[in-house]
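A short worksheet on the structure shown next.
Derivation of every value follows stated rules applied to the coordinates shown; laboratory data play no part. All figures in this text were calculated on a predicted structure; none of them were measured in a lab. Positions of Cβ are backbone-derived with ideal geometry, glycine not excepted, and every protein chain shown enters the neighbour counts.
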Amino acid sequence: MTAIVETNNELSQYLDAERSAGKKIGFVPTMGALHEGHLSLIRMAKRQNDIVVVSIFINPTQFNDPEDYRNYPRTREADKAYLEAEGVAIAFMPDENEMYPEGKGYLTDFDAGYVANVLEGEFRPGHFDGVATIVKKLLDAVEPHRAYFGQKDYQQLLVIRQLVKTYDLPVEIVSGPIVRESDGLALSSRNILLTAKERSIVPAIYQTLLYYKAALEKKFKPETYQAEGLAYLKSYPDFNVEYFTIRNAYTLEEVNANDRPKAVVLLVALSIGKVRLIDNMVAYPYS
Ligand code: AMP
């Protein structure tokens, strides 16, 4: 049975006993509308820990667009059924008051620097402040041994690693690979908001990433490919492309043909209709 827990106090009651019994706690934070991407992280957490905690909280402070927050899918009952089926010990489903008892403020003494300021940081001002704030609160509440995050949110992962370093949090951050549909579309809770026509076009994102990953690994011409890939995505009238970019995989700095980075990451953000999608792929030009 998955215990549904709504308060920090109740959470401690469950977890303190487990912790003193030497049990390893794995934690998967989510915003719900669970899909195979989330489940892959949950399964990884189950394999590596004694008990698994999954949080479901649609964090208001990380939404820079109020309409996105309003439209965000809410599928509480289906989510509970998934967690039950996966054998998750605890579903932490707090409300807004529980997570923000003093109102919706941000962590004020944290700055992830460059990795938080570019790309998503530019196009979604305040987003990573909200993410860092809620992840810190959740890690403080759960105190897990390991916490799991998907590579789907590539920049988020870098921000969270920085958060853990800054506060010296005693948790291991584990990342999981991107889970995709058979046509390459990265699973996302927002995908159900796509119309049938939009859904038929969006695999072009994956195709573009795949094509330029292969190209980079053959010949390292990041500036050329970045311009080409951007132009290609923009050739779809339905895509409102925010960026297609090729960056150093560790620092997110721009790269040029004279660099020899071991890994680069290709990152895309675009919207189609009412839905904003992000995706990425890592390439290894010199390994
Ligand atoms: P979210 O509910 O969108 O906040 O996502 C919760 C966690 O699941 C985050 O660490 C995401 O990176 C991860 N995640 C979301 N979609 C995928 C996916 N398609 N593959 C792997 N992980 C994912």
Exercise for the section: May I ask what percent, to the nearest 5, of DSSP beta bridges between residues of the chain are antiparallel? Expected result: 50
Handout entry: Nearest 10 degrees, 0 to 90: helix 76-85 Cα axis against the chain principal axis
Key = 80
Handout entry: Cα-Cα separations in the stretch 183-239 greater than 13 Å, expressed as whole percent
Key = 64
Completion exercise
Listing I246, I25 by rising number of other beta-carbon atoms within 10 angstrom, fewest first, gives I25, I246
Fill in the blank from the handout: Tilt, helix 36-48 to longest principal axis of the chain (alpha-carbon atoms), in degrees rounded to tens, equals 60
Completion exercise
For 218-228, 84-94, ranked highest to lowest by mean beta-carbon neighbours within 10 Å, the order is 84-94, 218-228
Problem - Cα centroid of the stretch 141-214 to Cα centroid of the stretch 49-110, whole Å - result: 17
Completion exercise
Expressed as a percent, the portion of alpha-carbon pairs in the stretch 102-239 spaced more than 25 Å apart is 42
Exercise for the section: Give me the distance in nm between label points sitting 7 Å out from Cα along the Cα-to-Cβ direction at R70 and Q13, one decimal. Expected result: 3.8
Exercise for the section: Specify the angular offset, from 0 to 90 degrees and rounded to the nearest 10, of the alpha carbon long axis of helix 127-142 from the longest principal axis of the alpha carbons in the chain. Expected result: 30
Exercise for the section: Take R70, R43 and order them by how many other Cβ atoms sit within 10 Å, fewest up front. Expected result: R70, R43
Practice task
Let me know the Kirkwood hydrodynamic radius for the chain, please, with Cα pairs as the basis and the value in Å to one decimal.
Solution key: 19.9
Completion exercise
Least to most buried among K165, K80, by other C-beta atoms within 10 Å and fewest first, runs K165, K80
Practice task
Under 1.5 on a/c is rounded, so check that first for the stretch 155-219, then, if it is not, pick prolate when a/b is larger than b/c and oblate when it is not; a ≥ b ≥ c are the square roots of the alpha carbon gyration tensor eigenvalues.
Solution key: oblate
Practice task
Counting residues in the stretch 171-287 as N, plug N into 2.2 N^0.38 Å and put the Cα Rg over that result.
Solution key: 1.09
Exercise for the section: Under 20 Å from a label point 7 Å along Cα→Cβ of D259: give me every residue in the stretch 104-140 with its amide N that close. Expected result: 112-123
Problem - Förster radius 35 Å - calculated FRET efficiency between Y106 and V282 (Cβ-Cβ, nearest 0.05) - result: 0.70
Handout entry: Calculated P(r) tail over 16 Å for the stretch 70-131, as whole % of Cα pairs
Key = 66
Practice task
Past 21 Å, Cα to Cα, is the threshold; run K46/K262; K104/K152; K213/K234; K24/K46 against it and keep the listed order.
Solution key: K46/K262; K104/K152
